[in-house]
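Have a look at the structure below, then the notes.
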Amino acid sequence: MSNKLGILYVVATPIGNLEDLSPRAVRILGEVDLIAAEDTRHSGRLLQHFAITTRMTALHEHNERAKAATLIQDLCDGRSLALISDAGTPLVSDPGFNLVRAAQGAGITVVPVPGACAAIVALSASGLPTDRFIFEGFPPVKHAARVSYFEGLRPETRTLIFYESSHRIVESLADMAAVFGPERPAVVARELTKQFETIRAASLADLNIWVQADPDQQRGEMVVLLAGAPLEEQARDVEAERVLRLLLAELPVRQAASLAAQITGQKKNQLYERALELMRETTPGSKA
Ligand code: SAM
């Protein structure tokens, strides 16, 4: 046992192309006492490729809290640790948050070892504005939840970045087109850094048709990026909200939404949903 605390390294690994593992990452993975990996079998192949023989232990979403406690003890005992996930940067839609938090709480130094992150890799080649963007991770799996989640993001003016599964890409793009409008510029970035890397920029309507028509585009790993709402659209939303609030003060919900739609040109069902929300906000517990 030593008085010196160990260091927790958060090490990014490739998202496909093994050449993207940095020499620094290779050195640190070889030098630490232990590697905490999301899936030891999966990461075993990476380590084997680089002839790294460091012992591994599993840290995944199902055991993270309990496992973090034993790993913190290891760090307190002076052992150094590298955290890796199956691909890319740990903690980004991947396990590790509890461990990093606990390490910070225990006064352990946390050192990031940067590398690939699919969201940033996709953004860098998307051609969409990069000055301001938001990362949203995976949208909800179920259609109704996904639609209302997208509704909440409709006025967002920054570039939006989503991870999406190949099983849901068709439905998700269709929902995006319905909520954000078919003309909204978007990008699907698939199989980045791999043999079948494809980066396609088009309107949501065109991307929707293209992905539906080609089963190859429904395979592998993908990032979906969306241009933020144009400022005029945001202004229209603000105006619709103002009109809706005024009408709601005088009229029943359905009538207020219908009139607001006629006045502003916005979709009636969207205004109706928003009116219900506003009623719930002003009269908690109401089922308006
Ligand atoms: N931590 C990872 C990172 O830094 O990118 C992300 C892990 S998350 C569980 C996996 C998702 O990332 C995939 O479903 C996909 O949306 C995206 N992704 C990972 N690798 C990718 C690749 N090579 N090409 C496109 N998207 C990728």
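Per DSSP H run of at least 4 residues, take -39500 (n - 2.57); add these up for the chain, divide by its residues and hand me the 222 nm value, nearest 500 deg cm²/dmol.
Roughly -13500 deg cm²/dmol at 222 nm, from the helical runs in the chain.
Working note: Karplus 6.51/-1.76/1.60 with θ = phi - 60° gives region 111-124 the couplings 10, x, 10, x, x, 5, 9, 3, 4, 6, 4, 5, 4, 5 Hz, where Gly and Pro are set to x. Shape class for the chain: prolate, because the ratio a/c of the largest to smallest gyration tensor axis (alpha-carbon atoms, square roots of eigenvalues) is 1.5 or more and a/b beats b/c.
Counting DSSP beta bridges in the chain, what percent are antiparallel, to the nearest 5?
Numbers: 17 of 35 bridges.
Looking only at bridges with both residues in the chain, the antiparallel portion is about 50 percent.
The long axis of helix 40-49 is offset from the longest Cα principal axis of the chain by roughly 60 degrees. Measuring nothing but protein heavy atoms, the accessible surface of region 156-241 at 1.4 Å probe radius is 51 percent carbon and sulfur. All distinct Cα pairs of region 118-229 go into the 1/r average, and the inverse of that average, the Kirkwood radius, is 13.6 Å. Sparse packing (at most 10 other Cβ atoms within 10 Å of the Cβ) combined with a DSSP loop state is found for the following GluC sites (Glu not before Pro) in region 204-271: Glu250.
Over all directions, the projected convex hull of the C-alpha atoms in region 1-102 averages 6.1 nm² in area.
The residues of the chain expose on average 53 square angstrom of accessible surface per residue, using a 1.4 Å probe on protein heavy atoms. Just need the relative contact order of the chain here, percent rounded to a whole number, with Cα pairs under 8 Å and 6+ apart. Relative contact order, the chain: 16 percent. Between Thr70 and Val141, the modelled label-to-label distance comes to 2.8 nm, taking each label 7 Å out from Cα in the direction of the beta carbon. What do you get for trypsin sites (Lys or Arg not before Pro) in region 135-221 restricted to DSSP loop and a cutoff of at most 13 other Cβ within 10 Å of the site's Cβ? Passing sites in region 135-221 are Lys142, Arg219. Note on region 72-126 and region 216-288: Cα centroid distance 39 Å, given to the nearest whole angstrom. Residues of the chain were split at every exposed loop site, defined as chymotrypsin sites (Phe, Trp or Tyr not before Pro) in a DSSP loop with at most 15 other C-beta atoms within 10 angstrom, and the longest piece left, sites excluded, is 51-195. A DSSP coil position with no more than 14 other Cβ atoms inside 10 Å describes the following trypsin sites (Lys or Arg not before Pro) in region 1-85: Lys4, Arg55.
The values are calculated or read from the model by the stated rules, or taken from the named source; none is laboratory data. Please read all numbers here as calculations on a predicted model, not as lab measurements. FYI the Cβ positions are ideal-geometry reconstructions off the backbone, even for glycines, and counts take in every protein chain you see. Just so you know, the surface numbers come from the protein's heavy atoms only, side chains and all, with ligands and any DNA or RNA stripped out. Shrake-Rupley method; radii C 1.70, N 1.55, O 1.52, S 1.80 Å.
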